[in-house]
Amino acid sequence: MGEGAKISDLSPPGPDPSLNASPRSTSPPTAASPPETSPAPEYHGWNESEKHSGPSVFQLVLDQFNAHPVRILPRRPPFVSFALAWNQRRRGRETPGITAFVEPLVIFLILMVNAVVGVWQESNAEKALEAVKGDQSGKSAWSSRGPVVNGAACLACVTSRTGMNTEIGKIHSQIHEASQEEDDTPLKKKLNEFGETLTAIIGVICALVWLINCTYYFEIAVALAVAAIPEGLPAVITTCLALGTRKMAQKNALVRKLPSVETLGCTTVICSDKTGTLTTNQMSAVKLVAWEGMIAKIASVCNDANVTSSGNQFVASGMPTEAALKVLVEKMGLPGDTNNSISGSAEALKCCQWWNDVARRVATLEFDRTRKSMGVIVRSKPGNNSLFVKGAVENLLERSSYIQLLDGSVVQLDENSKGLILESLHEMSTGALRCLGFAYKEDLSEFSTYDGEDHPAHKLLLDPSNYSSIESDLIFVGLVGLRDPPRAEVHKAIEDCRAAGIKVMVITGDNKDTAEAICREIGVFTPHEDISLKSFTGREFMALPDKKLQLRQQGGLLFSRAEPKHKQEIVRLLKEDGEVVAMTGDGVNDAPALKLADIGIAMGIAGTEVAKEASDMVLADDNFSTIVAAVGEGRSIYNNMKAFIRYMISSNIGEVACIFLTAALGIPEGLIPVQLLWVNLVTDGPPATALGFNPPDKDIMKKPPRRSDDSLITAWILFRYLVIGLYVGIATVGVFIIWYTQSSFLGINLTNDGHTLVTYSQLSNWGQCSSWDNFKVNPFTAGNQTFSFDSSPCDYFQTGKIKAMTLSLSVLVAIEMFNSLNALSEDGSLLSMPPWVNPWLLVAMSVSFGLHFLILYVPFLARVFGIVPLSLNEWLLVLAVAFPVILIDEVLKLVGRCMSSSEGARISQKRKDE
């Protein structure tokens, strides 16, 4: 019984109690054959949960645009780019034909690729979950598929409702409806807010730039919008989260929704079941206080588990508690010389089968959480009926009037005897044993001749509220202590949680003493810790006047004899207090609490289908340490996401600075929208993705969890990236100006191509070129091309800027590659965290440079992007201008480390003073 025990957990499902369904009239549990007792059986339909048809692929793709962590792209509709392309063609600009539409086509392409990646990954996660469900098919009794037939014998139930019309079916529907509404994760909210703010700011800046020159700078304003928006960020985030789900799957944690990976990283409280999660769920009976003969009889007949032999192994099906009882019966043997009669039997459960032949079950009183017991009415071979009951010891004692002594005699159960039994219970429970009591009843009055549905007393069994009165005046037989050993790795996982600032709360249906003993053993409580204010039964906690005050205590907490409604209340209170809650569950009734939690965690082995459907993550091994490993992985993924988000945002700030400086200085545009899109979507993508492979910090699980409202970008980080961005702008615009105005730079000769030098004044007033007297321009070479301006010298500032634009674009690419090295660590120097700690980043930088070389040196692509090949001297100029970004950020990181050190010392001194 105990933790997580539900009607469906103890036996194949009886009818829904609320529907006045009958108990089962059965023989011992065997595989049910098709019913033959009724010539015209009445079918109520398949007894299975409704299979909700999933959304179409097209709808899933659309959902990616609405639910993605970044909603920036939809705020700059691609039709703006089409309008620009149409405007270029109408005005006869230099970009001819279809190439004018490269930018909008690229935007649409990246949107679709990003959406497809998101759909593909979430589909893979669901397929992995379905595989887990497939492995567990048949273990969840309520969802077993098959028609329910009125009047059937064997395992069939007399019922008026099946499948989705039962109470369990209603829970399934409620969970499906609730799953249609998802709260945004903390990162998702921050990025949405950032997108809205960014859109507003860029809108204002674009308007200002456009007002400088309504005609020419309209295109620069659009380029500014392109530069400001990190178009590649959605795809990179999706890829990083997808990689995270795969890493977690390798650790037996199946994440069903990508954003849940990020939420795991800020988990502050883990509410865990005990049985099967903190313990192995491999029960074995280790202590017996009873008259053995009667205990064996009750334990074998009032039991729905089975044990079969498979090769050299024995395989248990059903509840582990009941399976352990059947193994106990086999170890006890049979009374007297009866053992000889079964010595030749090949069955694994020879003794249990013998007892079931002696006492044939005719009805079952299903377990419920109110009376905490299960009963069966049996008919012995002489024809007399008896009632066998097993359940929580305290509850059975309350309904018992007699006790059977070790010699088999039955005497009145007095207070002294009760005290001795409770003393044994306490001793066994504090030894971390799970205890079950056993009782029976011979005088069944109206049920003494009960033989099935046609009996007059059958109507009393239709209402489960009568079960307590039927199970009264019992003869208490004794109790059994079962050992469920803790998982070996759980103690360390609890310690890791404590070091990481994560509070562990154990919520179990077990006896309070047993649960406390297990919690001390696994490290939730220390061996001699006073837990009088940290351990409550579910009812005790609900009666407290200030529940939140109790939940705010430091250290672990325990809630025993807890019911599903208690779980929901605990989660609700924790969330109201600002905690990020991970909740485990396996049963149907756990589903609402799983859905309510920030991270609902279902069990892959013992979990029901409804619990898995309501969850955000499924544990393939039902192991608590897997949760802790997933939290650590979530923290690492979040840190890596911050690294590439900041990298991409800082790069975009630099692009904005470049475009704005171009407009402010009045020089020709150095970068056009399609070039900026190429940088944002392609060359920035590989390094940003590679930053997702940064190794986790060694102390990642020794830091307190981040708050869900922590800033993604602090004031200092923003200042740093504004400084870096300003340098990017100065460098890209500066190299453009250098090419036009300087013959050499840092000893690098720049006139080998034969281009004409102009003054800065001429460059910044290039629009007045037609009014200049005797302005002439010499032809210059770029790769195999020669550019001549004899007929129109002023074109030198339009078509002739192609070399200067190439230099600006190349400087931008090089700076962003170097800037990706800066993003390896927020404050750590490259001397302490060298580039080779993440070899994938070096590979990604090589790929990005390779892609840039591709568009430079493939003639068709060079024409599309409006660039030309560069010479060796020109590449030296690019590297000379780009490399200082590393030195600048190293200085800023040093200042940041000094500030952090000073702040840490100040806080430490403040604590000492207090």
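Pick from 406, 420, 396: which is under 26 Å from residue 321 (Cβ atoms), out of contact with any Cys (no Cβ under 6 Å at 6 or more places or on another chain) and not in a helix (DSSP H, G or I)? Working first, answer last.
Numbers: 420 fails: not in a helix (DSSP H, G or I); 396 fails: not in a helix (DSSP H, G or I).
Testing whether each residue is under 26 Å from residue 321 (Cβ atoms), out of contact with any Cys (no Cβ under 6 Å at 6 or more places or on another chain) and not in a helix (DSSP H, G or I) leaves just 406.
Of everything in region 643-654, what is open to solvent by 10 Å² or more (accessible area, probe 1.4 Å) and modelled with pLDDT of 80 or more? Give them in sequence order.
The answer is 643, 653.
Given the conditions (1) surrounded by fewer than 24 Cβ atoms within 10 Å (Cβ to Cβ); (2) in contact (Cβ under 8 Å) with a residue 60 or more places away in the chain, and given that residue 607 satisfies all but one, which numbered condition is not satisfied?
It is condition (1) that residue 607 fails.
For region 283-307, which residues satisfy the criterion of being open to solvent by 60 Å² or more (accessible area, probe 1.4 Å) and either in contact with a His (Cβ under 6 Å, 6 or more places away or on another chain) or at pLDDT below 85 (or both)? So that I can check it myself, show each step before the final result.
Taking region 283-307 and keeping what is open to solvent by 60 Å² or more (accessible area, probe 1.4 Å), we get 286-287, 291-292, 306.
291, 292, listed by residue number.
How many of the residues in region 379-393 are open to solvent by less than 30 Å² (accessible area, probe 1.4 Å), out of contact with any helix residue (DSSP H, G or I) (no Cβ under 6 Å at 6 or more places or on another chain) and either of a type in the set (Val, Ile, Thr) or in a loop (DSSP other than H, G, I, E, B) (or both)?
Number satisfying all stated conditions: 2.
Can you tell me how many residues in region 237-291 are closer than 19 Å to residue 611 by Cα and assigned to a strand (DSSP E or B)?
Of the residues in region 237-291, 6 are closer than 19 Å to residue 611 by Cα and assigned to a strand (DSSP E or B).
Cβ contacts < 8 Å: first residue assigned by the TED database to the domain that holds residue 813 and among the β-branched types (Val, Ile, Thr), restricted to region 861-885; second residue open to solvent by 40 Å² or more (accessible area, probe 1.4 Å) and in a loop (DSSP other than H, G, I, E, B), any location; separation 6+ or different chain. Result?
868/783
In region 574-610, which residues are among the basic types (Lys, Arg) and over 15 Å from residue 270 (Cβ atoms)?
If the condition is that a residue be among the basic types (Lys, Arg) and over 15 Å from residue 270 (Cβ atoms), then 595 is the only one that fits.
Taking residue 504 as meeting all but one of (1) at pLDDT 90 or above; (2) out of contact with any Leu (no Cβ under 7 Å at 6 or more places or on another chain); (3) open to solvent by 40 Å² or more (accessible area, probe 1.4 Å), write down the number of the exception.
(3)
Give me a count of the residues in region 314-373 that are in a strand (DSSP E or B) and either modelled with pLDDT under 85 or among the charged types (D, E, K, R) (or both).
So the answer is 8.
Considering only residues that are farther than 9 Å from residue 253 by Cβ and open to solvent by 10 Å² or more (accessible area, probe 1.4 Å), look in region 610-620 and name the one that is modelled with the lowest pLDDT.
613
Here is a list: 289, 307, 315. Which entry is β-branched (Val, Ile, Thr) and either in contact with a Lys or Arg (Cβ under 7 Å, 6 or more places away or on another chain) or closer than 19 Å to residue 597 by Cα (or both)?
307
In region 434-450, is there at least one residue being in a strand (DSSP E or B) and over 30 Å from residue 506 (Cβ atoms)?
Within region 434-450, one or more residues are in a strand (DSSP E or B) and over 30 Å from residue 506 (Cβ atoms).
Out of the residues in region 430-447 that are small (Gly, Ala, Ser) and modelled with pLDDT under 90, state the one that is nearest to the chain's Cα centre (by Cα).
432
The values are calculated or read from the model by the stated rules, or taken from the named source; none is laboratory data. Since the structure is predicted, the reported quantities are computational estimates derived from the model, not experimental observations. Here the Cβ is made from the backbone with ideal geometry for all residues, glycine too, and neighbour counts use every protein chain on show. In case anyone asks, the SASA skips ligands and DNA or RNA and just uses the protein heavy atoms, side chains included. Shrake-Rupley method; radii C 1.70, N 1.55, O 1.52, S 1.80 Å.
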